[in-house]
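Working notes, beginning with the structure itself.
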Amino acid sequence: MRAQRLVCLCNQVTAQEILAILKAGARTTADVQEFTMAGTGCTRCVREIDALVFRYKSTQKKDPQLRIDFEEPKDKRS
């Protein structure tokens, strides 16, 4: 059995736990911190949590219905 890699030593949170919370719906590092307490102690692991969140999000398909355009269409600008 593969040993679980600790990401947050202060709160004993593993990479597998962080990935599980991302799969359950967490979207940001702040979400991960809220649900796991990872990165809330000494904060040395926050960059690694950021990287895990980024990598996870980059593997997910984008839902075109969730896209929000804040700019006016080019043909309506004056």
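The values are calculated or read from the model by the stated rules, or taken from the named source; none is laboratory data. It should be emphasised that the depicted structure is a prediction, and the values quoted were computed from it without experimental measurement. Note that each Cβ is placed from the backbone with ideal geometry, even for glycine, and that neighbours are counted across all protein chains shown.
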- Is there a residue in the stretch 51-70 that is modelled with pLDDT of 95 or more and in contact with a Gly (Cβ under 8 Å, 6 or more places away or on another chain)? no
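In the stretch 8-36, how many are among the polar types (S, T, N, Q) and over 12 Å from D50 (Cα atoms)?
The initial filter retains those residues of the stretch 8-36 that are among the polar types (S, T, N, Q), namely 11-12, 14, 16, 28-29, 33, 36.
From what is left, the residues that are over 12 Å from D50 (Cα atoms) are 11-12, 14, 16, 36.
Final tally of qualifying residues: 5.
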- Task: Tell me which of these G39 doesn't satisfy, since it passes every other one: (1) over 15 Å from the mean Cα position of the chain (by Cα); (2) at pLDDT 95 or above.
- Result: (1)
- Query: What tally of residues in the stretch 6-23 results from selecting those that are in contact with a strand residue (DSSP E or B) (Cβ under 7 Å, 6 or more places away or on another chain) and not aliphatic (A, V, I, L, M)?
  - Reply: 2
- Query: Taking the stretch 1-14, which residues are surrounded by 14 or more Cβ atoms within 10 Å (Cβ to Cβ) and among the polar types (S, T, N, Q)?
  - Reply: N11, T14
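Quick grid of which residues meet (1) assigned to a helix (DSSP H, G or I); (2) touching a helix residue (DSSP H, G or I) at 6+ places or on another chain (Cβ under 6 Å); (3) free of Cβ contacts under 8 Å to residues at least 24 places away in the same chain; (4) surrounded by 15 or more Cβ atoms within 10 Å (Cβ to Cβ):
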residue	(1), (2), (3), (4)
Q16	yes, no, yes, no
I21	yes, yes, yes, yes
E34	yes, no, yes, no
G41	no, no, no, no
E48	yes, no, no, yes
V53	yes, yes, no, yes
S58	yes, no, yes, no
